[in-house]
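To start, the structure under review is shown below, and the notes come after it.
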Amino acid sequence: MEPITWLIITWATYGAHRTTAALEKVPQTSRDQCEANATLIKAWQPKASTICIEGLGTL
C-alpha cells in the first residue's frame, strides 16, 4: 500500500446554521493530484468546499 502523502477533505454545509451535511477524506499521492481533484469536485458540486492537507507519510 502506498503511503498517504496528501488528503483531500471535502465538505458541504447547508442551512442558516451552516450545518455540515457531508465530510469526506480521500487519500491522494501528490499535491498536484489533490488540487486537480479538488477542482473537479468543485466543478461537479459548486457548493462543496475542499482543502488539501499533507497526510501521514507512512502508515
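The values are calculated or read from the model by the stated rules, or taken from the named source; none is laboratory data. Quick caveat: nothing in here was measured; it's all calculated off a predicted structure. To get the accessible areas, we keep the full protein, side chains included, count just its heavy atoms, and leave off ligands, DNA and RNA. Shrake-Rupley method; radii C 1.70, N 1.55, O 1.52, S 1.80 Å.
All of (1) among the aliphatic types (A, V, I, L, M); (2) modelled with pLDDT under 75; (3) open to solvent by less than 80 Å² (accessible area, probe 1.4 Å) hold for ALA16 with one exception: (3).
Does any residue of region 42-58 turn out to be modelled with pLDDT under 80 and either open to solvent by 80 Å² or more (accessible area, probe 1.4 Å) or assigned to a strand (DSSP E or B) (or both)? Yes, because at least one residue in region 42-58 is modelled with pLDDT under 80 and either open to solvent by 80 Å² or more (accessible area, probe 1.4 Å) or assigned to a strand (DSSP E or B) (or both).
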